[in-house]
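What follows is a set of notes on a single structure, which appears directly below.
The values are calculated or read from the model by the stated rules, or taken from the named source; none is laboratory data. The shown structure was predicted, so the numbers you read here are calculated from the model rather than taken from an experiment. Here the Cβ positions follow ideal geometry from the backbone for every residue, glycine too, while neighbour counts run over all protein chains shown. In case anyone asks, the SASA skips ligands and DNA or RNA and just uses the protein heavy atoms, side chains included. Shrake-Rupley method; radii C 1.70, N 1.55, O 1.52, S 1.80 Å.
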Amino acid sequence: RSTSGAKPESARARGARSERGERREGERGAAAIRCVAYNNQSNRLAVSRTDGTVEIYNLSANYFQEKFFPGHESRATEALCWAEGQRLFSAGLNGEIIEYDLQALNIKYAMDAFGGPIWSMAASPSDSQLLVGCEDGSVKLFQITPDKIQFERNFDRQKSRILSLSWHPSGTHIAAGSIDYISVFDVKSGSAVHKMIVDRQYMGVSKRKCIVWGVAFLSDGTVISVDSAGKVQFWDSATGTLVKSHLIANADVQSIAVANQEDSFVVGTAEGTVFHFQLVPVTSNSSEKQWVRTKPFQHHTHDVRTVAHSPTSLISGGTDTHLVIRPLMEKVEVKNYDAALRKITFPHRRLISCSRKRHLLLFQFAHHLELWRLGSTVATGKNGDTLPLSKNADHLLYLKTKGPENIICSCISPCGSWIAYSTASRFFLYRLNYEHDNINLKRVSKMPAFLRSALQILFSEDSTKLFVASNQGALHIVQLSGGSFKHLHAFQPQSGTVEAMCLLAVSPDGNWLAASGTSAGVHVYNVKQLKVFEYSIPDKHYTDWSRTVQKHGFHHLWLQRDTPITHISFHPKRPMHILLHDAYMFCIIDKSLPLPNDKTLLYNPFPPTNESDVQRRTAHAFKISKIYKPLLFMDLLDERTLVAVERPLDDIIAQLPPPIKKKKFGT
Amino acid sequence: MVQLRPRASRAPVSAEAMVDEGQPASEEEAEHGLLLGQPSSGAAAEPLEEDEEGDEEFDNEAPEELTFASAQAEAREEERRVRETVRRDKTLLKEKRKRREELFIEQKKRKLLPDTVLEKLTTASQTNIKKSPGKVKEVNLQKKNEDCEKGNDSKKVKVQKVQSVSQNKSYLAVRLKDQDLREARQQAAQAFIHNSLYGPGTNRTTVNKFLSLANKRLPVKRAAVQFLNNAWGIQKKQNAKRFKRRWMVRKMKTKK
């Protein structure tokens with residue numbers, strides 16, 4: 001379906017006809033979230049998914065996803081943890097402990113633990129040791145050395161697989177949850193001090209084994225366990241006895257996370273509910289405290305496989321691929337819009353690229369690419385109409401990648417004849433030929449040695465140049481002509497550090513290239529003269545405009561926008577317009593119009609009843625439209641057309657694994 | 001009257017008697033009876049026929065004489081023939097087996113790496129197994145066609161692995177036995193997780209039912225989110241399609 005917008009001649013410049021590209025079903029979007037790890041020092045969150053991707057979110061920068069490590073078919077992570085400050089480790093079912101290099105955005109090394117598949121991992125409170133629980137029932141201790149980890153010793157071997165681990169804050173004891181029992185080990189001797197048998201059912205008998213999905217060790221010696229029978233139990237580790245038992249769900253309780261101050265913890269269940277437990281005094285002025293279940297949150301539809309507790313919020317993620325961050329009201333100091341619920345559904349990197357000349361969209365999936373031609377319509381209508389398509393969208397190409405690695409980035413050139421994509425170890429470039437409605441693909445072989453793996457790929461506007469940001473920190477410019485390519489230049493990273501380029505943008509006239517690295521600096525390169533500038537071109541453009549912006553200040557709602565901007569593009573003919581979008585809205589900033597002050601309405605109603613009226617009263621620079629709700633991608637096709645790709649949430653849910661059955665009255 | 005020679009069964013005789021109703025001559029009767037009463041086996045028929053002929057002329061002649069020697073010779077011939085066939089069969093089988101073995105060896109050889117590479121590997125393993133691994137690239141034997149770098153992986157020397165062999169095509173030879181064991185364990189672990197989360201005894205429902213719960217409780221009830229079941233009767237539909245195709249072809253043929 002296509003929708004018509006305002007006429008471009010009007011000063012509102014909402015953007016003309018826009019086509020809604022509907023996605024058909026496919027394995028689209030993110031995979032299920034498996035583990036979450038919160039780093040207190042840097043306020044960052046590491047999220048690992050079932051396809052092996054690991055993403056790092058910066059929680060203080062508006063929850064923006066700053067880095068990600070592409071997935072691999074054989075890597076199924078089961079545990080993720082931060083250790084020694086900024087080092088990130090993960091362990092999975094292939095039996096290896098992997099350390100990630102956060103600067104170069106690749107994997108430092110993978111060490112086999114020789115215990116079979118690894119189910120759980122925990123870093124010691126002193127941050128110098130790593131504990132790993134394996135399939136064969138052994139608990140292995142590793143020492144973290146400055147550049148690697150080293151195996152230290154094995155603890156007493158248990159009968160069944162160790163599914164969860166937790167250190168006592170002093171580092172003297174650990175609790176290990178297994179199937180039907182929990183063991184408490186003494187770290188110095190490595191022997192099991194207590195073995196606490198877990199009931200299979202809350203006050204009953206059951207045939208199914210009780211799997212202890214999570215344990216947490218508090219400093220007063222209490223061990224909290226969550227298991228597959230839906231119970232949260234409190235044990236005393238000194239005597240090895242059960243203190244209290246709560247039955248909170250009919251399904252598994254799959255995760256637990258305790259706050260640093262140990263006065264609250266959060267658990268996630270398989271029904272999608274997240275419960276918050278707090279330590280409250282028994283009566284209002286007594287010193288005795290007890291654990292009470294205070295708040296339930298139902299933000300997920302499927303299993304909540306992992307939770308994390310930051311000082312001010314509860315973070316949960318699960319099989320329905322959403323990452324939900326719920327700030328706790330009593331912990332938040334400034335009660336502004338920051339304290340709202342954040343639900344991160346779509347990845348923040350660009351998965352769709354658009355070829356303007358030929359109206360093609362390239363969709364990037366984990367293991368293949370799809371090329372679609374947009375449908376067209378000849379009907380016209382007023383604002384807000386949905387026009388019928390005269391020609392439906394065409395599926396042109398399905399390109400499958402070889403090997404187990406996921407695709408990191410992909411791009412199609414604006415003229416539509418080149419497709420480039422990269423995995424963690426290889427770079428592929430294809431040439432497309434169009435002849436009378438047929439399309440044929442030819443692979444450009446013999447990639448040069450430096451083009452191994454790219455973090456970002458971008459074509460210039462006239463499709464003669466290819467810009468590749470490699471993971472070694474260098475930026476390569478390749479000249480494309482006919483069927484061959486020639487390497488023009490490589491911008492080496494400044495100051496010799498290996499900094500991986502994350503974002504790329506090229507100006508329409510092809511002269512300037514902007515790149516931002518992991519340390520959040522923006523470098524602008526002059527492609528014509530092959531020199532590096534720093535902020536010069538944007539500065540020149542933005543100085544006048546940004547000065548006024550500083551003076552007026554942004555509209556308060558704009559500042560309170562809770563989702564980061566995912567994509568920015570410019571209209572080549574109208575340098576005064578900037579088009580940006582995030583997951584919920586798209587917005588055109590018109591620099592020629594005055595900035596809004598706090599009093600005016602930020603969100604223009606759509607469609608307006610009386611055009612001239614609205615124009616006069618609320619004409620300001622920000623034109624925001626919220627008609628396309630879960631917006632995945634938006635770009636300018638030509639003078640009068642925008643293309644927007646929506647991904648309805650129901651589509652995503654339709655492809656997920658089965659959820660727990662909920663009995664509702666009346667059904 | 002008691003007859004010295006046992007005659008054939010009386011049934012055909014009586015039938016004949018019925019047909020002829022009367023006075024068959026004794027000789028004719030004998031003939032007919034013998035002819036009709038002959039057993040079906042050919043071997044027995046012959047001597048009887050002869051007998052019958054002989055019977056006419058020489059009633060009481062003794063049967064032919066078969067010497068012991070000739071019978072023995074015959075038996076030996078038979079034995080020899082049988083032994084020969086058995087021997088021939090055995091040799092044929094042997095040959096077949098030999099040929100098949102050779103074929104297998106050929107195929108195996110084709111599958112393995114070329115000899116040169118194997119030599120290099122064995123020599124390299126002696127020298128490199130003690131060396132601390134510098135830049136090591138690892139590719140499984142099955143994927144030897146892919147030459148891509150997979151970053152620096154340093155492995156413990158405990159496992160029987162061979163470090164990089166040649167400069168340009170750097171790969172690592174891994175024992176398939178280890179790989180299989182690892183795969184098996186990973187599969188078992190995944191099966192365990194799947195079983196405990198989605199296996200029998202868990203209270204799971206389909207996504208369709210889950211999303212349709214809301215529709216059921218609306219004041220104006222609506223249909224389920226996925227109302228049609230496209231997976232119903234797939235085999236039937238396929239059979240119907242095939243039948244239709246064949247029927248069409250047949251129709252076209254007969255029309256022509």
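Return the total of residues in the range A:182-200 being open to solvent by 10 Å² or more (accessible area, probe 1.4 Å) and either of a type in the set (S, T, N, Q) or outside the structural domain of A:R153 (by the TED database) (or both). Matching residues across the range A:182-200 total 2. Here B:Q179 fulfils each of the conditions (1) at the interface with chain A (Cβ under 8 Å from one of its Cβ atoms); (2) at pLDDT below 85; (3) part of a helix (DSSP H, G or I) apart from (1).
Quick check: is even one residue across the range A:85-100 hydrophobic (A, V, I, L, M, F, W, C), without any contact (Cβ under 8 Å) to a residue 40 or more places away in the chain, touching a helix residue (DSSP H, G or I) at 6+ places or on another chain (Cβ under 6 Å) and open to solvent by less than 20 Å² (accessible area, probe 1.4 Å)? Scanning the range A:85-100, I find at least one residue that is hydrophobic (A, V, I, L, M, F, W, C), without any contact (Cβ under 8 Å) to a residue 40 or more places away in the chain, touching a helix residue (DSSP H, G or I) at 6+ places or on another chain (Cβ under 6 Å) and open to solvent by less than 20 Å² (accessible area, probe 1.4 Å), so the answer is yes.
Table: residues versus (1) at pLDDT below 95; (2) open to solvent by 10 Å² or more (accessible area, probe 1.4 Å); (3) in contact with a strand residue (DSSP E or B) (Cβ under 9 Å, 6 or more places away or on another chain); (4) away from chain B (no Cβ under 14 Å).
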residue	(1), (2), (3), (4)
A:D180	yes, yes, yes, no
A:M203	yes, yes, yes, yes
A:R208	yes, yes, yes, no
A:V223	no, no, yes, yes
A:G230	yes, no, yes, no
A:I256	no, yes, yes, yes
A:D263	yes, yes, yes, yes
A:S286	yes, yes, no, yes
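Within the range A:246-300, the set of residues being more than 26 Å from the chain's Cα centre (by Cα) and among the aromatic types (F, W, Y) comprises A:F277, A:W291. Selection of the range A:141-157 for residues being within 20 Å of A:N94 (Cα to Cα) and either among the aliphatic types (A, V, I, L, M) or buried (at least 21 other Cβ atoms within 10 Å of the Cβ) (or both) yields A:L141, A:F142, A:I149.
Under the condition of being more than 10 Å from chain B (Cβ to nearest Cβ) and surrounded by fewer than 24 Cβ atoms within 10 Å (Cβ to Cβ), the residues counted in the range A:116-130 number 8.
Per-residue answers, yes or no, for (1) over 41 Å from the mean Cα position of the chain (by Cα); (2) facing chain A (nearest Cβ under 7 Å); (3) modelled with pLDDT of 85 or more; (4) open to solvent by 100 Å² or more (accessible area, probe 1.4 Å):
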residue	(1), (2), (3), (4)
B:E183	no, no, yes, no
B:A191	no, no, yes, no
B:G199	no, no, yes, no
B:F210	yes, yes, no, no
B:A224	yes, no, no, no
B:N230	no, no, no, yes
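Taking the listed residues B:I129, B:I105, the one that is surrounded by 13 or more Cβ atoms within 10 Å (Cβ to Cβ) and either among the β-branched types (V, I, T) or modelled with pLDDT of 90 or more (or both) is B:I129, with no other qualifying.
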